[in-house]
Each structure stands twice: as C-alpha cells, then as structure tokens.
Amino acid sequence: MTLTAPSPAWNPQRPGPMPHHRYRPFQDRVTVPVGERSWPAALIERAPLWVPVDLRDGNQALAEPMDTPRKRRFLDLLVATGFKEIEVGYPSASRTDFDFVRHLATGDVLPDDVTPVVFTPARSDLIERTFDAIAGLPRAVVHLYIATSPVWRRTVLGRDRAEVRATVREAAGHMARLAQDAPGIRFQFSPETFNLTEPDYVLELCDELTELWDASPDRPVTHNLPATVEIATPNVYADQIEYMHRHLARRDSVILSVHPHNDRGTGVACAELAVLAGAERVEGCLFGNGERTGNVDLVTLALNLYAQGVDPMLDFRDIDAVREVVEHCNRLPVHARHPYVGDLVHTAFSGTHQDAISKGLAEHARAAAESGVPAGLAPWSVPYLPVDPADLGRSYEAVIRVNSQSGKGGVAYLLRTHHGLDLPPGMRPDFSRVVQEATDDSGREMTAKELYDLFLATYVVEGPAARTAGSVPEVLNAHAEQGRSVEVLELTVDGPAAYARCRVDGVTVWGAAEGADAEVRAVRSAVNRAVRR
C-alpha cells in the first residue's frame, strides 16, 4: 500500500470518503516499456490521415441508430469535408449496415479517391458476410478486430494468449483467401484494448499479420491501436505507441493508426501525443460522439493543427453547417462550450476580455490595411481568439456580448459595430455604468438593439434646453441669461453623431445626438440631463 504524504499547511484538503482503494493505477495493470523517448521533442508539421468512424463506432453508440437516409447525408458531409478514408459500417451487425454498404457498392456514391472501411470481428461467418457486403466495390479496407487484454481474454473470451493468437491467424487467413489478389482490398487489424495488453503480445500479433497479409509499401497493412477505455495520462499512451512505432516489422509497409476514446477526458491529448510518437492515422468522430464519453473529436484535432499554422487537409469553412448535419444525423446536440463550434466558444462576456478583443480586432484591421493584405488573409494575433471566427464561417456579431460582467470595451464595441457609434474614450465608462445597472437589475444579457435603445434613452434627452435656439454659443448664452452656468468641456463629432461633455452648474454630464445639427443637439441633451437630475 502506498502511503499518502501529508498535505502542506497551505492546503486544507483532507482524505475524502470515496473508496478509491478499489481501483488500481495503470502501472499495476499493464507494463509500459519506456525506452529513449523521442515524442516529447517532436513537432506535428503535417496532418495525419483522418478516418471518421461516425457511421460505425459512433452509430453504435446512438440511442437511435442512423437509418440509410441519415447515414447517406452524413457520408456526403464527410466526403465534401475532405475525408479520404471513411469507416462506413459493420455489415455483419445489422441488416441496416449491410444494406448501406450494398448501397455504396451498387451505386455511384464514392469518389475515386475515397476508400470505405468495413468492420468485422474474428469469426469466419461474419467475415464472409462482410465480404458479401463489399462485393463490387473497387476498393475497401476490411478491418479485423479482437480484444487482446488479459481481463478480456480471461472474463470475456475465455482464451489464453495462444488461443487468441490462433483465432486471429485463422480469421486473417480467411480474409486473405476471400480477397485473393484483389488489388483494391487492403487489411486492417485492431487489437482492441491495446492499451491494457502486454506490449510484446501486441507486437507479436501485429507482426504475424503483417507477414501473413504480405504487406508492402504499395499495399500496406493498417495496425490500429485503440485506447478502448482510457486508463492513464496521455504520455503513457504516447510511450505505448512509440514502442510499437520503433519495433513493428516491415515498418515501411505498416500504417500505424490510433483510436483513442475519451473516458478520462484526454482523448484529444492522447491522439496528439500519439502522432508525436509515430502514429500516421487517427480514427475518431466529428465532435466526439461515441460510446461512454465518446471517441476522440476529429474536428478539434484538425482545428488544433490549423491554429498552429498546419493545413488540416479538411474544409471547415462553414462549421455551423457541419454541426447542423451532425446534430441531425446523431440526434444529439453539440455543447455550447465545445471547442471551435459551440455557440459560446468565440464569445466574451467579461469586461477585460472584451476590451482586449476589441483592441485586438482594431489592431488587426489596422495592420492588414497598412500592409495591403486583406484582413481575412493577414496574420492573426487577437487576444482570446485562437483562430479567426470568420475562417470557420462565423460572424463577429457573437464575439462580444453584454451582461452584468461586461465592461466599457465590450459596450463600445457593440455600439460601434452594430450602430456606427464610436463613443469617445471618456464617455465609455459613463455608459458602462448605466449598462451594468440595467443588466444587474434584469439579470440577463442585453442585445445590441437593447444597448442602442438604452444609449438613446440615456444620452439623447429632450427638455427645456431643446427650446433654445440655433448654435452652440447661442445655447450657452441662453442659459447664461437664465443664470445657469454651462461649459462645454469636450465636443466630438464622428460621422453623423456628436458627443458633448458639459459642466452644468458644477455637474459634469454627457449628451449625444445623431443627424443634422448633431453638435448643438448633443450639448442640449447634456444640459437637459443635468436639469433632469
């Protein structure tokens, strides 16, 4: 038993009531060979081959699996987005899956550069059903899987290492006989629960299939290594992948693939570190659908690369359209805080964040104009926005939204972008206080129109001063004759709008107006506000 060191004096946390002793750390469950690590110093400079498994793995996790029209709509989205290898089904699992694969085989559905993948367990009858489904396809990957970890061998399969190895070899040989020499058929093997399997055993299984299937650089075999259920931190998975990358036989004839799940919430990190460790292919789902907490999210992975200046080799220029199709087909919503696509991920409510974003957007526009480069092509460096929302088809309307947490920068930004009102710097704190009082009272967000209406109600004020005549000096003289002291401290004109800061009988107050004679009416509004007070 490992004794827990006492907490330092500054940490008041104490042992909790949950029975954590029931669970074993990964190092007590699987041996992870750690040699000389190269992945910590590696860089991802090219996108791996992305393989969406939404139509099989993701579909199996749905309460209501997709019917053929939904599957076809999803497939069309995947093709249009740029995926070149797509797992299309588990033909031996259901008639719906079998019929969908036949739909692809008998119709002119897939472009010449897109390869379908079909999934089969290591059973002869199910392998035959799978080959019946793909008959007529000019190319396909047949994906063989079997669970290999000790707990699965013992409690689920009831077989030892030698027996599982014999099952795999028999199934792989049957696949080779059915495929014969068809040049368009390639093979894939997944030792399911790889991350809990003895490394030497996985290597033995994979190398044997590489030889049996006679893999070559022009007809490689894919070895797909799933983190079927996450059990450790992402660096551990990277060590496991690097071990395989270094020791696989005929390495130039093997596509090293990974299939991370998200049980610990680190599926994305596992995939990224696995690519650093030598993986060349990543299986996952759009927006992370899948069993339990889901498969790794291919959209997040791809756009993480994009945010680093690496071409993801996919087209997400209309991310909301992609989301709409996925939500329709899966009958599941995408979370508002989901990376890149959630409704709120490009939105700032905090005043300090809004101020930084507003200044960053202004600086970006200035620098682009100065360099003569369109703003949509200029280098991007805006606080709090890792990518330009416009690159994903998002407008800037939702970038800054106002509630009780917002500050002067956000309020000014919305008035400027939605209504063309560029408030003077000195006026912004004044209106921000008005906005905060209103949102504190209502407890809700304020729209750009509501913000504008509040601005007009606050600063464009009719009253006694409106009856005085014609010019700013005349307004001042008229009030002087009435015994009222009025001094214009600041008068700013910007386009059709004017903003006046006046001292009226010792009280400093702002007024505003738009349109003809805006300067005079702005001063009148300021005086009327002072009189009203």
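The values are calculated or read from the model by the stated rules, or taken from the named source; none is laboratory data. This structure is a prediction, so every number in the text was calculated from the model and none was measured. For neighbour counting, all protein chains shown are included, and Cβ atoms are generated from backbone atoms with ideal geometry for every residue, glycine included. Accessible surface areas use protein heavy atoms only, side chains included; no ligands, DNA or RNA. Shrake-Rupley method; radii C 1.70, N 1.55, O 1.52, S 1.80 Å.
Exposure check, 1.4 Å probe, all protein chains in place: Glu36 carries approximately 150 Å² of accessible surface.
Of the residues Tyr201, Tyr340, Tyr23, ranked by 1.4 Å probe accessible area with the largest first, the sequence reads Tyr23, Tyr340, Tyr201. In the chain, the longest principal axis of the Cα atoms and the axis of helix 472-481 are about 50 degrees apart. Per residue, the accessible area of region 4-59 comes to 78 Å², computed with a 1.4 Å probe over protein heavy atoms only.
In terms of the mean number of neighbouring beta-carbon atoms within 10 Å, the peptides 143-153, 24-34, 325-335 order highest first as 143-153, 325-335, 24-34. Accessible area per residue for region 239-352 is 37 Å², calculated with a 1.4 Å probe on protein heavy atoms, without ligands, DNA or RNA.
A straight line joining the Cα centroids of region 345-362 and region 1-68 runs 34 Å. When both bridge partners sit in the chain, DSSP labels roughly 35% of those beta bridges antiparallel. Note on region 220-272: Rg/Rh from C-alpha atoms, Kirkwood Rh, equals 1.00. Residues in region 197-202 carry Karplus couplings, in order, of 9, 4, x, 5, 6, 4 Hz; the curve used is 6.51 cos²θ - 1.76 cosθ + 1.60 with θ = phi - 60°, and Gly or Pro positions show x. Computed from point charges on the beta carbon alone (+1 for Lys and Arg, -1 for Asp and Glu), the dipole magnitude for the chain about its Cα centre is near 1180 Debye. Across the chain, Cα pairs under 8 Å and at least six residues apart give a relative contact order of 11 percent. Computed from Cα atoms alone, the Kirkwood hydrodynamic radius reported for region 6-133 is 18.9 Å.
Each of Arg444 and Arg123 was given a label point 7 Å from its Cα along the Cα-to-Cβ line. The distance between the two points is 5.6 nm. For region 227-241, the Karplus equation 6.51 cos²θ - 1.76 cosθ + 1.60, evaluated at θ = phi - 60°, returns couplings of 8, 4, 10, 4, 10, 8, 5, x, 5, 5, 4, 4, 4, 5, 5 Hz by residue, with Gly and Pro reported as x.
3J(HN,Hα) along region 67-75, derived from phi through the Karplus expression 6.51 cos²θ - 1.76 cosθ + 1.60 where θ = phi - 60°, amounts to 8, 4, x, 5, 4, 5, 5, 5, 4 Hz, with x in place of Gly and Pro.
For Leu225, the residues 5 or more places off, or on other chains, whose built amide H falls under 5 Å of its own are Ser257, Val258, His259. Calculate how steeply helix 518-532 sits against the longest principal axis of the alpha-carbon atoms of the chain, using the helix alpha-carbon long axis, and give the answer as 0 to 90 degrees to the nearest 10. Helix 518-532 sits at roughly 80 degrees to that axis. Cross-link reach is defined here as a Cα-Cα straight distance under 14 Å, omitting same-chain residues fewer than 8 places apart; for Lys359 the aspartates and glutamates meeting it are Asp422. Report note on the peptides 488-494, 431-437, 346-352: ranked by the mean count of other C-beta atoms within 10 Å, highest first, their order is 346-352, 431-437, 488-494. Heavy-atom surface analysis with a 1.4 Å probe gives the chain a carbon and sulfur content of 51 percent of its accessible area. For Arg161, the accessible surface of its heavy atoms amounts to roughly 80 Å² (probe 1.4 Å, protein chains only, rounded to the nearest 10). Compactness check for region 137-273: Cα Rg over 2.2 N^0.38 Å is 1.04. The candidates Thr155, Thr96, arranged from most to least accessible area with a 1.4 Å probe in the full protein assembly, appear as Thr155, Thr96.
For region 457-516, the ratio of Cα radius of gyration to the globular rule of thumb 2.2 N^0.38 Å stands at 1.10. For the chain, pairs of C-alpha atoms spaced more than 29 angstrom apart make up 64 percent of the total.
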